[in-house]
Amino acid sequence: MTTLSHPCYNVPLATESSLHDKGKSRLRGLVTDLKPHTLGPMPVQEFLDRFLPLNSTADRAGFLSPFRAFRSIPARANSPTSIQQPLVAALNQRTKYKCRCPGFSFEGASSDGSSNPTCLENAAGVCCYTRNTLSTLEHSSQGTHADLGYAELFIVVSGDPSRDYFQDPPSLHDGETPSSRHLRTRTADKDKASQLTYAFGEHIACVVEVFARQHRAFVFSISVFGSLTRLFRWDRSGCVVTESFDIREHPDLLCEFLWRVSQGSPTVRGHDLTVELAPPDDEDRFREAVRAHVQSQLEVMGQELDEAVAVHYAPGQVFAMHVLPQHFTVDPENIRRFIVSRPVVTPSSLIGRGTRGYWALDASTGGIVFIKDTWRFRNVDELEGDTLRRLVDLGVRNVPHMVWHGDIPYSFPTEARRLNRKELQFTTTHLLVAEPWVCQGDVEDLHISRRQHYRLVTSVAGYSLRCVRGAEELLHATHDILVAMRDALAKDSRIHRDLSVSNIILVKHPDRTIRQGYLIDWEVSCVVDESGEAYASGRAGTWAFTSIRMLDVEREDGNKHRFEDDMESLLYVVLYCALLWQPHNLGQEELTRIIREMFDQVAVYLGSIEGGGGKSANALFRAHTRRLNLNSASLQEWLAAVMDFHSPAREPHPDDADRWTAEHLDTYWTTFLQTHTLERDNRVVHTLLPTEYRSYTPSAYTSHEPLPTPPAGIVQPAPQPEGDRQDLLAPEALKRRLRSSDAHALRAGSKRERASASPDPPVDAASLRRSKRILEQKQSKPVLAAPSSAKPSSSTKKGPKRRRSHK
């Protein structure tokens, strides 16, 4: 077989991407998020030798002497362009036979009055392109402005050396270690501190864009402040930054870096070569297949159909992704080819899974499938694809079939053999945590995870629950999810742990008038023990929908998910959808406040991240939903009943524990759907007021996907409720309304309230739902799978046979 050798550039972004948000709140959030994931300052020569090693016998005949290479760069300048222009000239310097960076060219980036300049253009930075790429850009209509979709690396430029976000530690005193020293520049000047933060935030934003618009495992970048320079390497686990060096005094270091970049293969520069540009005939096949699938799912025609197809297809930007099944031999018969174009999800942050999701054409079957392209945790007991395979084999309903899956190498070898571990794409930042030069005095703990590039192909290509059409579809689809949850618990002793709007997919089947709900993203699911608790400790999932109990900071480390936590998350999913996509009486200001306080609330308490105060207040006495009047009387009735099952808004009763159980909820829900009429097409899109960038990392094992946000649309006209809502939600008002024994629910309030809160009440053991296997061992009443009320989901071509190659 032939290996792929050409990098892919200019990957389209999802139609609803926040990538180009250059607001200060986002930039500040990017910097905050990166703090515990940054290592430095690494000695420059060590950086070069580790990340860009050179063969000692390599031919250096084309290496241009570094002597006085950057003497034209001023040590300080009044504007970035005064650095940029001589820097570009020096980088592009060449003689007849020698060159600074053979095969590459450098182009200055400037906004030129553009209405939407990139962060790099704002900073008058520099982009490095391959010669072939630059030629393509010069002959295109977009010209050679700063296009990070094509950049091999980029340089951030400033004329002022004091604008460097990082500092190098001074000489150590007796008893000091580098780890106790500060890596970031410290200043008492708040304005200067803000300037440093925003400038570095723009640097990070450029990195995020490169990852989003190219298929990358890692990225290099450079910062130049006057003539002081640092080198950076970025991956999905964090950033490594070097010591600063003066390119006027030590030009050899930057020249050596550029030479090694030029001599390295695309994989050495961080490219993923398992993706290639698709030929025109594949693009035609993809476009027509997507068009047919959209039509079957949405039943639209004309302009509506064209707009819906554009969500998945960008002309001229169609690619072929290759997936080798886990542990299989590299062979053309084993490698499956999938055609993709525009993702439905574009990652807008650096740290985490960096998930892109695609509708894809399976080249071997002609069917439309879904690809989850992600950076999974490296050390896991089981891959998500294997979990899905087993769930389907066990008869768990409303989960997608696994079609193909596997970890991704940098490229495929030409000979048929098994891949070794070193050939796979994985993050490497964690390997440097214990190095003696690491300074971490300004962060409490470093959180450098180990991640591996992984692709999962499933049978379900549908639409997010964000696209729900009405109250009928909302309650039917989410009931499908409850069925999946109960089946997984009863048949595999497994709970999902990440119930969210993003993880519920709607699919139209010919034999159903209402779209079916599928529960996806089983990556952080976990088997439960005999007490009904997950074997893995700590939070997992999407913050906005996490249960009150799991948001409790005092039990954060020891808390373990239970099935009831997933039930609570499902309740929040329904409420969230009702607030954002159902007609009701709330105005924009009050709606924004409810979403912020119930779903987005975050506080730091004794160094730990906590939340849940808004949810607790609503559970105890409906602080946020008591004024909510939905136009759908049936949906209003369902919400009121299920919130009472979870936490009655009255004095406790002995029978309450029996009402918040899977059996009771499912029985009620099934009967409700059979006896109530729900609106089919009453969707209304409510927009929220702009809010600060959300920045928090609940735990090291938490999903790093962005919180679901409503799509842009027309706000439903609604009268403002009477009275002053602010008074009702003030902490003191909440405190007065709570019984003293429930004061713990307001831990997000003042430190005094938290310190004086009474301990949490014990969880009633009768409320725990155990799997059938566990309960048989305990000789107790089993938790049954949900009754079969619908045909099993249609299957697609399953994954590869369990044939194993020779070792």
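The values are calculated or read from the model by the stated rules, or taken from the named source; none is laboratory data. The structure displayed is predicted, hence computed values, not measured ones. FYI the Cβ positions are ideal-geometry reconstructions off the backbone, even for glycines, and counts take in every protein chain you see.
Taking the listed residues R163, R269, the one that is surrounded by 16 or more Cβ atoms within 10 Å (Cβ to Cβ), of a type outside the set (A, V, I, L, M, F, W, C) and closer than 23 Å to D373 by Cα is R269, with no other qualifying. For E590, the conditions (1) at pLDDT below 95; (2) farther than 30 Å from H447 by Cα; (3) of a type outside the set (S, T, Y) all hold with the exception of (1).
If you go through segment 575-596 and keep only what is assigned to a helix (DSSP H, G or I) and over 22 Å from the mean Cα position of the chain (by Cα), you end up with L575, A578, L579, W581, Q588, E589, E590, L591, T592, R593, I594.
Of all residues in segment 500-538, exactly one satisfies the criterion of being out of contact with any helix residue (DSSP H, G or I) (no Cβ under 9 Å at 6 or more places or on another chain), surrounded by 17 or more Cβ atoms within 10 Å (Cβ to Cβ) and either over 30 Å from D600 (Cα atoms) or among the acidic types (D, E) (or both), namely E533.
Answer yes or no as to whether E307 is in contact with a strand residue (DSSP E or B) (Cβ under 7 Å, 6 or more places away or on another chain), of a type in the set (D, E) and surrounded by fewer than 22 Cβ atoms within 10 Å (Cβ to Cβ). Spelling it out, it is not the case that E307 is in contact with a strand residue (DSSP E or B) (Cβ under 7 Å, 6 or more places away or on another chain), of a type in the set (D, E) and surrounded by fewer than 22 Cβ atoms within 10 Å (Cβ to Cβ). Would you be able to say whether some residue in segment 516-539 is within 28 Å of I594 (Cβ to Cβ), modelled with pLDDT under 95 and not aliphatic (A, V, I, L, M)? Among the residues of segment 516-539, at least one is within 28 Å of I594 (Cβ to Cβ), modelled with pLDDT under 95 and not aliphatic (A, V, I, L, M), which makes the answer yes.
Of all residues being within 22 Å of L361 (Cα to Cα) and of a type in the set (A, V, I, L, M, F, W, C) in segment 400-419, which is surrounded by the fewest Cβ atoms within 10 Å (Cβ to Cβ)? Just the residue, please. For segment 400-419, the residue satisfying everything is F412. I'd like the residue in segment 381-399 that is surrounded by fewer than 16 Cβ atoms within 10 Å (Cβ to Cβ) and under 17 Å from R450 (Cα atoms) and, out of all such residues, is modelled with the lowest pLDDT. The qualifying residue modelled with the lowest pLDDT is D381. Assessment of segment 196-210 against the conditions (surrounded by 16 or more Cβ atoms within 10 Å (Cβ to Cβ), assigned to a strand (DSSP E or B) and either at pLDDT 95 or above or in the same structural domain as R28 (by TED's automatic domain parsing) (or both)) yields no matching residue.
Note on segment 620-659: residues that are modelled with pLDDT under 95 and in contact with an Asp or Glu (Cβ under 7 Å, 6 or more places away or on another chain) amount to 3. The set of residues from segment 325-350 being more than 23 Å from the chain's Cα centre (by Cα), farther than 21 Å from D281 by Cβ and at pLDDT 95 or above is empty. In segment 177-197, the residues that are free of Cβ contacts under 8 Å to residues at least 60 places away in the same chain and under 14 Å from Y165 (Cβ atoms) reach residues that are assigned to a loop (DSSP other than H, G, I, E, B) and not basic (K, R) with C-beta atoms within less than 8 angstrom, at least six apart or across chains, in these pairs: T185/D164; T185/Y165; T185/Q167; A193/T187; L196/D164; L196/Y165; L196/T185; L196/T187.
When the residues of segment 55-91 are filtered to those that are among the polar types (S, T, N, Q) and in a helix (DSSP H, G or I), which remaining residue is farthest from V126 (Cα to Cα)? Here the answer is S82. Only residues that are closer than 14 Å to F563 by Cα and among the aromatic types (F, W, Y) were counted in segment 655-678, giving 1.
Summed over segment 433-492, the residues that are of a type in the set (F, W, Y) and in contact with a Lys or Arg (Cβ under 6 Å, 6 or more places away or on another chain) give a count of 1. Looking at segment 468-491, can you tell me whether even one residue there is in a strand (DSSP E or B) and surrounded by 17 or more Cβ atoms within 10 Å (Cβ to Cβ)? No, the conditions are met nowhere in segment 468-491. Considering only residues in segment 562-578 that are in contact with a helix residue (DSSP H, G or I) (Cβ under 7 Å, 6 or more places away or on another chain) and either charged (D, E, K, R) or over 17 Å from T546 (Cα atoms) (or both), the one that is surrounded by the fewest Cβ atoms within 10 Å (Cβ to Cβ) turns out to be E564.
Restricting attention to segment 615-668, which residues are within 29 Å of R593 (Cα to Cα), free of Cβ contacts under 8 Å to residues at least 12 places away in the same chain and part of a helix (DSSP H, G or I)? Selection gives A633, Q636, A640.
Checked against the criterion of being modelled with pLDDT under 95, under 18 Å from V156 (Cα atoms) and among the aliphatic types (A, V, I, L, M), the candidates A109, A61, A89, A77 yield just one match: A109.
The residues of segment 420-466 that are polar (S, T, N, Q) and buried (at least 20 other Cβ atoms within 10 Å of the Cβ), listed by number, are Q425, T427, T429, Q440, S449, Q452, T458, S459.
If you filter segment 515-546 down to residues that are assigned to a loop (DSSP other than H, G, I, E, B) and touching a Gly at 6+ places or on another chain (Cβ under 8 Å), you find that the one that is farthest from R353 (Cα to Cα) is R515.
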